[in-house]
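The values are calculated or read from the model by the stated rules, or taken from the named source; none is laboratory data. Given the structure is predicted, the values throughout are model-derived calculations rather than measurements. No Cβ is skipped: glycine too gets one built from the backbone with ideal geometry, and neighbour counts run over all protein chains shown. Please note that ligands, DNA and RNA were not included when accessible areas were found on the heavy atoms of the full protein model with its side chains. Shrake-Rupley method; radii C 1.70, N 1.55, O 1.52, S 1.80 Å.
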There are 2 protein chains.
Amino acid sequence: MRDVDYVVSGDYVLTMAEGVPPLRNGAVAVSGGKIIDIGEVSALSSLYNAKKRVGGGGKVVLPGLVNAHTHAAMVYFRGIADDLPLRQWLQEHIWPAEGKWLNDEFVYDATELACCEMLKAGVTTFNDMYFFGGSSARASKKMGMRAVLGAGVLDFPTAAARNADEYIEKAEQFIKDWLGDELITPSIAPHAPYTCSPDTYKKTKLVAERYGVPLHTHLSETQFEVSEAKKKYGKSPVELLDDIGFLDKTVVAAHCVWVSDNEIEILARTGTGVAHCIESNLKLASGIAPVVPMLKKGVAVALGTDGAASNNDLDIFSEMSFSARVHKAVSGDPTAINAFSALSMATSTGARVLGMQDKTGTIEIGKSADIVVADLDKPHLTPFYDIYSLIVYSMKSSDVESVMVNGKLLIDGGKYLHKDSHAIMDKARWWKNKIAGEV
Amino acid sequence: MRDVDYVVSGDYVLTMAEGVPPLRNGAVAVSGGKIIDIGEVSALSSLYNAKKRVGGGGKVVLPGLVNAHTHAAMVYFRGIADDLPLRQWLQEHIWPAEGKWLNDEFVYDATELACCEMLKAGVTTFNDMYFFGGSSARASKKMGMRAVLGAGVLDFPTAAARNADEYIEKAEQFIKDWLGDELITPSIAPHAPYTCSPDTYKKTKLVAERYGVPLHTHLSETQFEVSEAKKKYGKSPVELLDDIGFLDKTVVAAHCVWVSDNEIEILARTGTGVAHCIESNLKLASGIAPVVPMLKKGVAVALGTDGAASNNDLDIFSEMSFSARVHKAVSGDPTAINAFSALSMATSTGARVLGMQDKTGTIEIGKSADIVVADLDKPHLTPFYDIYSLIVYSMKSSDVESVMVNGKLLIDGGKYLHKDSHAIMDKARWWKNKIAGEV
């Protein structure tokens, strides 16, 4: 009997590795942060002596979910202005609020809350774009989450910097500070083609190449953005970024709502990863991204929540349900994005889009132990005939019971093991009272 | 101090009564099944001596939700066949399964499970269409739920009856058996214009009029249904039912996905209630109902889950989130179906569509105490700036903590008080193993 940290078991283990069917009465052995074995629970129980057993009968084990596009700290602006168009929402509400409140302390505290919410909902990795990256990184790391943190770059001044060059300098310093960290991957994030010039995009690309880090941008989120780019540059945002050599497999492009067939070809050819944010896109009435054509052309499409200010939560289970349903109706094809595909988008494809396919996104020997256990013993999950279908069309993030990141058990029995979530929520309410002028 | 059964309180009481703003630190006094007072918790505490206090700080109190269209007993077919078109799903999977398994015992056991799921998710009233109505009624009543149970009518034989006349006879007997019950309202439910002739529709209408009970039908769910009706009758399903005098305010028409502007006028003019089932319609790729135009023309649109076999759950919180989001993108108007409207569709409009506006759907003095308490003290609900927005865009059915129907507390602290949900789930798994041929 070999000593290991954990044996995680369930009625089903869904590895999400290519071609591997659901493993009945399965288990995963975890040691030193890694997955070291996968098999039937009876077999693994005779091989490994676990310091702690996680999961058990009536549970399903799956890879930790990936939130491929968010602005974690915006969770403090959850619902601050709803039922408005994107530009009005951004220009009249979000940017002024950010201008007034953003600083290191805000970002640290808010990121802590966002990590709390995401972990509880089974998200183990997130791809962020925001400012004060050092604070995001410290908060995420303290919460035990895996994160790609994109230092935001704009052409105009905010609380974070005065001009593009200063944002880029700060981003470079942030990258130097965090490069090589086990949980935090620093990245650089030019905001969008309507807020960053082609020159700014080129500079961020050079920085990313210098340090070998990923890039993260908003792309073709609204029809307005596309028509502005065509007026200004004579081409669409996707064509513009392709022409300057920005697009490749190190880039995560969030949204891609307004992309033509030709632009989908560009995304496929360059290997650009897409973070599809259906709930945010619907709520802001930005439109519905052509995900079915993207998938047909081989574009890697992952799922993102966007910030909680436009969503208004950070729930990838819910994004799966929306994505799997909405694209059936939009494409007129009820077989489009089946349950397995939706779960792949939220796990293996999420990891691939972030360049982390060797580390997370599936349950495979040698990968980091980023694992979620959910309870099946609930009326809304009973009975069921297909486990993938159950997860995508019936399960809620609230069914998640245990969450492990990098081999560390962070949530068990639905409770945070190392953090006081009530203190984190109290801090959030204190900030909210300040922001709303209630104190 | 007057003795009452309950005082239900929360940081907010949302009465959903017209023109009444959220009541901060509010409370509701309940006695003899009815709401007898509403006010600030401090005021009510000095007026009433409650046998039990429900809710409290960090909670929100709202009317019980209304599920305006479902087939409760189909919960046993949850996910039996997914990612398929409606006709194939119905003809190759659902009808054969129903043909094989439907009987009184199945319907009783399955309805019990559906009630379990709905109650836990804050649904206190549901509008059903199925067969073996006596069993549905006994199960729903035993579970303590309010239900309008439509005895299904078809022109072809099933396990329930041999022909239209036999279905109608059975429906009439069912109506006689249950008329006047406090919780159960019997109704009659011609299935759809593609499965019932105009003559059958006319006969059901006569029965409904004779006993003063509501009608429930599927209407214009798929494009195929509309084109078939046009071929067969030279008019659309809505026009057909209008021409024979079927449509009026006693009718709940589920779906109404494929309705023209002119047909929307008909629905508005006749006062026909619509049960919008967005999640089911999306998942079957049936289409997206023109809800924004319907609301503009004054059609009463409530929310329904449809059966769990096509949804795959019975969750009205989730239907609110889908409806409020999808119709923004489809109409291109981010102000369409704001959070308050979505919650109205799920509560007050739901009750109105079922002809129960004097009994449920809002928290008002004299109405039955159908009340839900949800917890606000969760990371995904923190912080918030608008309580309606929080409920529609961030809250999940799993945040429901206490549920009262007709003044009886059925769920408290998230637990069933009078029922053993594990026994109900065990029974469901036993049936599932039989259905899937695993025993």
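Laid out as a table, the results:
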{"quantity": "Residue list for segment A:164-183, restricted to those being more than 30 Å from A:A369 (Cβ to Cβ) and either out of contact with any Asp or Glu (no Cβ under 7 Å at 6 or more places or on another chain) or in contact (Cβ under 8 Å) with a residue 60 or more places away in the chain (or both)", "calculated": "A:D165, A:E166, A:Y167, A:I168, A:E169, A:K170, A:A171, A:E172, A:Q173"}
{"quantity": "Any hit, segment B:119-138, residues being open to solvent by 10 Å² or more (accessible area, probe 1.4 Å), assigned to a helix (DSSP H, G or I), closer than 18 Å to B:M425 by Cβ and within 12 Å of chain A (Cβ to nearest Cβ)", "calculated": "yes"}
{"quantity": "Criterion (within 23 Å of the chain's Cα centre (by Cα) and open to solvent by 10 Å² or more (accessible area, probe 1.4 Å)) met by exactly one of B:E209, B:E228", "calculated": "B:E209"}
{"quantity": "Exclusive hit being among the small types (G, A, S), more than 14 Å from chain B (Cβ to nearest Cβ) and open to solvent by less than 30 Å² (accessible area, probe 1.4 Å), set A:A72, A:A17", "calculated": "A:A17"}
{"quantity": "Residue that is nearest to the chain's Cα centre (by Cα) [pool: residues in segment B:330-344 that are more than 20 Å from B:T70 (Cβ to Cβ) and part of a helix (DSSP H, G or I)]", "calculated": "B:S341"}
{"quantity": "Qualifying strands (runs of 3 or more DSSP E) (wholly inside segment B:1-103; at least 3 residues being without any contact (Cβ under 8 Å) to a residue 60 or more places away in the chain)", "calculated": "B:2-13, B:23-31, B:48-55"}
{"quantity": "Residue among B:V301, B:V274 that is crowded, with 24+ Cβ neighbours inside 10 Å, at pLDDT 95 or above and either in contact with a helix residue (DSSP H, G or I) (Cβ under 6 Å, 6 or more places away or on another chain) or basic (K, R) (or both)", "calculated": "B:V301"}
{"quantity": "Subset tally (residues that are crowded, with 23+ Cβ neighbours inside 10 Å and among the hydroxyl-bearing types (S, T, Y)) for segment B:319-337", "calculated": "2"}
{"quantity": "Within segment A:311-329, tally of residues that are facing chain B (nearest Cβ under 8 Å) and either closer than 22 Å to B:V392 by Cβ or within 13 Å of the chain's Cα centre (by Cα) (or both)", "calculated": "12"}
{"quantity": "Unique match (being within 26 Å of B:Q357 (Cβ to Cβ), hydrophobic (A, V, I, L, M, F, W, C), open to solvent by 40 Å² or more (accessible area, probe 1.4 Å) and more than 13 Å from chain A (Cβ to nearest Cβ)) among B:L267, B:L241, B:L295, B:L247", "calculated": "B:L295"}
{"quantity": "Members of segment A:348-375 found to be over 20 Å from A:L409 (Cβ atoms) and of a type outside the set (K, R), listed by number", "calculated": "A:S348, A:T349, A:G350, A:A351, A:V353, A:L354, A:G355, A:M356, A:Q357, A:D358"}
{"quantity": "Qualifying residues in segment A:407-425 (those that are part of a helix (DSSP H, G or I) and either modelled with pLDDT under 95 or at the interface with chain B (Cβ under 9 Å from one of its Cβ atoms) (or both)) - the one nearest to A:V54 (Cα to Cα)", "calculated": "A:S421"}
{"quantity": "Only one of A:L86, A:L23 that is surrounded by 20 or more Cβ atoms within 10 Å (Cβ to Cβ) and not assigned by TED's automatic domain parsing to the domain that holds A:H255", "calculated": "A:L23"}
{"quantity": "B:T349 vs. criteria at pLDDT 95 or above, part of a loop (DSSP other than H, G, I, E, B) and more than 9 Å from chain A (Cβ to nearest Cβ)", "calculated": "no"}
{"quantity": "Residue within segment A:385-406 that is under 30 Å from A:A97 (Cα atoms) and part of a helix (DSSP H, G or I) present", "calculated": "yes"}
{"quantity": "Number of the exception - A:M356 against (1) modelled with pLDDT of 95 or more; (2) open to solvent by less than 10 Å² (accessible area, probe 1.4 Å); (3) in contact with a Ser or Thr (Cβ under 9 Å, 6 or more places away or on another chain)", "calculated": "(2)"}
